[in-house]
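What follows is a set of notes on a single structure, which appears directly below.
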Amino acid sequence: MKQHKSKPLVLMVLLLLCSSIPVLAGENGDSTATAGVSHWSFGGYIKDLQSVQFTDISKHWGLDNIIHNREDLRWFPNSKLKFHIGLRNRLFYGESVPLYSASGYLDDNNAFINLSKTIAKGQSYLLHTNIDRALVDYTQGKWELTLGRQRINWGLNMVWNPNDIFNAYSYFDFDYEERPGTDAVRLQYYINSTSSAELAYRPGKSPDDMIAAALYRNTIGSYDIQVLAGWVQTDYVLGAGWSGVIGKAGFNGEISAFSPRSNIDLSKTVVSASAGINYTFPNSLYLHAAYLLNSSGLTKADSTTAGLLLSQVSAKSLSPARHSIFAEVAYQVTPLIRTDLSAIADPSDGSFFVGPFIILSVSNTVEFLAAGQLFFGDTNSLYGNYGRVIFLRLKWSF
């Protein structure tokens, strides 16, 4: 009986190890697809993320681990056509596995077609696979058509993206560099070198689940400006964004207004808006500050019910708090070592988050990260009950 129960875990480890073996791409083994040299490419990574969570360092420590393997296959039959498939395999084991299953954390919420599967699970482990990119892209002149699971990146801000109506992401999910995609059709038209227009449509199982929107971009002076309008599930949306400079500092922001389709009423309109400014000194010291407004957010949010870390965010509600303030300082200590310290505060209740990071590039393909997500505040505050989480990650890219 014991031997039978151990088989799924052995199979999981073998699958992750086998799937991470790199394949040479193209005729000359180059993994970069360039016209006339390589017609396909294969790459990805395998990484191990160990986490320790506690509220009091002298009391119970919650231990978790994720072995995360990613594979990206791209095929370029010619200069006009390309295909892309991206696969994530993740082996979770530790104390939080029951929470992942119960919270819907692994659900594919942007999917019209379910390409997610739990392969094996037990009381303390879970093996999950998900195809998060599966698209075909065709370019003809000034037109580009993309069909399938893709990332529609309409965001301009670096922390919170109210314009990212198709596939918003959480700032706290730092281990998902590629960020989520969505099942959609996207048509882009490049008017000239500084302006473009596009239409995107995400089908839904009902009208209240679909998204359809148009975006127009243009450059005015030193600023890239965009406006968007459409239908996002149960709401109409109207938004705008900008990215430019003030002096030598970068300045960007976004705003989106969501009004119920069933009853257009300004009093029921939700505004999500963000703005940020950043500056890099000649010695590589980087400073960044940002602000987020969620007009429907709470001034007394409780982390016991907010689900801040596990819930799927949306452009309409990027934080459960009414106001959020972000600050960051980063420094390239050496060409191989980068440090970063970020913080988010909820001024309504005084609770806050601190995120220290240090990244060491061991080689061109191996990276070590040590990080923390530290939450502080009163018991009934937004950030007050999450405690502290320490992360150690080793990543090998191929």
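The values are calculated or read from the model by the stated rules, or taken from the named source; none is laboratory data. Predicted, not measured: the structure shown is a model, and the values here were computed from it. We place every Cβ from the backbone using ideal geometry, glycine too, and count neighbours over all the protein chains shown. In case anyone asks, the SASA skips ligands and DNA or RNA and just uses the protein heavy atoms, side chains included. Shrake-Rupley method; radii C 1.70, N 1.55, O 1.52, S 1.80 Å.
Worth a mention:
- Lys/Arg +1, Asp/Glu -1 at C-beta; the chain dipole; positive extreme among Tyr216, Thr365, Gly377: Thr365
- Distance in nm between pseudo-label sites at Leu287 and His323 (7 Å out along the Cβ direction from Cα): 2.1
- FRET efficiency for Arg261 and Trp396, using Cβ-Cβ distance with R0 set to 35 Å, rounded to 0.05: 0.15
- Straight Cα distances below 19 angstrom link Lys395 to the aspartates and glutamates Asp48, Asp64, Glu71, Asp72, Asp173, Asp175, Glu177, Glu178, Asp340, Glu367, with same-chain residues fewer than 8 positions distant left out.
- Listed residue pairs exceeding 24 Å between alpha carbons, taken from Lys47/Lys316; Lys268/Lys316; Lys82/Lys316; Lys205/Lys300; Lys80/Lys316; Lys82/Lys121: Lys47/Lys316; Lys82/Lys316; Lys205/Lys300; Lys80/Lys316; Lys82/Lys121
- Taken about its Cα centre, the range 65-175 carries a charge dipole of about 400 debye when Lys and Arg each add +1 at the Cβ and Asp and Glu each add -1 at the Cβ.
- Prolate/oblate/rounded label for the range 247-317 (Cα gyration tensor, a/c 1.5): oblate
- Spacing of the two label points (7 Å from each Cα toward its C-beta) at Phe172 and Tyr331, in nm: 2.9
- A probe of 1.4 angstrom, applied to the heavy atoms of all protein chains, finds His39 with accessible area near 80 square angstrom.
- Order of exposure, largest accessible area first, which applies to Ser361, Ser262, Ser272, Ser101 with probe 1.4 Å: Ser262, Ser101, Ser361, Ser272
- Gain in span if fully extended, Ile113 to Asp56, counting 0.36 nm per residue against the direct Cα distance: 16.2 nm
- For the chain, the longest site-free run once trypsin sites (Lys or Arg not before Pro) in DSSP loop states with at most 10 other Cβ atoms within 10 Å are removed: 249-398
- Phe391, Phe83, Phe375, ranked by accessible area, largest first (probe 1.4 Å): Phe83, Phe391, Phe375
- In order through the range 348-353: 3J(HN,Hα) via Karplus (6.51 cos²θ - 1.76 cosθ + 1.60), integer Hz, x for Gly, Pro: 5, 10, x, 7, 7, 10
- Couplings 3J(HN,Hα) of the range 262-274, computed from phi: 6, 7, 5, 8, 4, 5, 9, 6, 9, 10, 10, 9, 9 Hz, in residue order, whole Hz [Karplus 6.51 cos²θ - 1.76 cosθ + 1.60, θ = phi - 60°; x for Gly and Pro].
- Applying 1/(1 + (r/R0)^6) with R0 = 51 Å to the Cβ-Cβ distance of Ala197 and Thr379 gives a FRET efficiency near 0.55.
- For the range 205-236, the residues whose backbone nitrogen is under 17 Å from a point 7 Å from the Cα of Ile277, taken along Cα to Cβ, are 223.
- Each Lys and Arg adds +1 at its Cβ and each Asp and Glu adds -1 at its Cβ; summed about the Cα centre, the chain shows a dipole of about 640 debye.
- The alpha carbon centroids of the range 161-176 and the range 360-398 are separated by 17 Å.
- Interchain or long-range residues, amide H under 5 Å from Met158's placed H: none
- Taken over the Cα atoms of the chain, the convex hull encloses 177 Å³ per residue.
- Centroid-to-centroid separation of the range 232-288 and the range 36-85 [C-alpha atoms, Å]: 29
- Prolate/oblate/rounded label for the range 137-275 (Cα gyration tensor, a/c 1.5): rounded
- Of the GluC sites (Glu not before Pro) in the range 103-206, those whose Cβ has at most 10 other Cβ within 10 Å and which sit in DSSP loop: Glu177
- Largest to smallest accessible area among Leu292, Leu336 [probe 1.4 Å]: Leu336, Leu292
- Cα-centred dipole magnitude for the range 32-115, charges only on beta-carbon of K, R (+1) and D, E (-1), debye, nearest 20: 460
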